[in-house]
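Data first, discussion second: the structure below is written as structure tokens.
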Amino acid sequence: MAAQKLALIWLRRDLRLEDHAAIDRALALGYRLQFIFIFDTEILGRLKEKADARVDFIHQVLHDLNGRIAKLGGSLHVAHGRPHLIWPDLIEEFKPSQVFWCKDYEPQAISRDVKISELLLKKGVLFEALKDQVIFEENDVVKDDGTPYTVFTPYKKKWLKALKPSSYRSFTYKLKSGDILPSQPRRLPSLSELGFKKTKIQFHSPNLDKK
């Protein structure tokens, strides 16, 4: 029996394991999953305040995710550096058949993703970027001639006309131990190793089942 192929799920602003477009797609294609997160030094380097609540919050969320993934027999791989320099090592270590991530629409993120896409193409690794944080993407609601709206009211009318239940459907998969690449727990870098300090913010793992 052939070994199950591996997909890397590159987490960015989408730090969750439920209702996740990239996870749903990878599972539907029959992949076993390994989760990746990169503390991007190009972003962190612009932060002047080292007791930064945003970094501390993300760090706490990653610890929570790592614990949840560990219960499924796997681990979260967290790296620190420039993504285009880190990805060759990730490909060498994990030898994935495909990489999945959820789209980001900020200019710097688009530039970063173009670099990673080009790198993966050169390495012969398939990749797919999926819509996740928006209902409609930039070219989904445009004028009849294909140009973007510049006035809100006609844009709103077209947006509401295009809206259907399928536009905001949930993903109902349930992650199981067999879905995750087996791994010993990995140590996450500390805040101090990232160049930051603890703050007063406290992350509590959400319970979406509570009424």
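The values are calculated or read from the model by the stated rules, or taken from the named source; none is laboratory data. Every value quoted in this text rests on a predicted model; they were computed, and no experiment measured them. Every residue, glycine among them, receives a Cβ derived from its backbone with ideal geometry; neighbour counts consider all protein chains shown. These accessible areas exclude ligands, DNA and RNA; they are computed on the full protein's heavy atoms, side chains included. Shrake-Rupley method; radii C 1.70, N 1.55, O 1.52, S 1.80 Å.
Quick look at the values:
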read-out: Residues of the range 60-75 satisfying the condition of being open to solvent by less than 20 Å² (accessible area, probe 1.4 Å) and in contact with a helix residue (DSSP H, G or I) (Cβ under 9 Å, 6 or more places away or on another chain); value: Gly74, Ser75
read-out: Residues of the range 93-109 that turn out to be over 14 Å from Ala129 (Cα atoms) and at pLDDT below 95, as a count; value: 3
read-out: Wholly within the range 96-202, helices (runs of 4 or more DSSP H) carrying at least 2 residues that are open to solvent by less than 40 Å² (accessible area, probe 1.4 Å); value: 107-123, 191-194
read-out: Condition met for Ile9 (open to solvent by less than 10 Å² (accessible area, probe 1.4 Å), farther than 23 Å from Leu194 by Cβ and outside any loop (DSSP other than H, G, I, E, B)); value: no
read-out: Filtered residues of the range 69-95 (kept if part of a helix (DSSP H, G or I) and within 18 Å of Glu118 (Cβ to Cβ)); value: Pro83, His84, Leu85, Ile86, Trp87, Pro88, Asp89, Leu90, Ile91, Glu92
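Here is a yes/no grid of residues against (1) within 21 Å of Glu92 (Cα to Cα); (2) modelled with pLDDT under 95:
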| position | (1), (2) |
| --- | --- |
| Ala3 | yes, yes |
| Trp10 | yes, no |
| Ile23 | no, no |
| Tyr31 | yes, no |
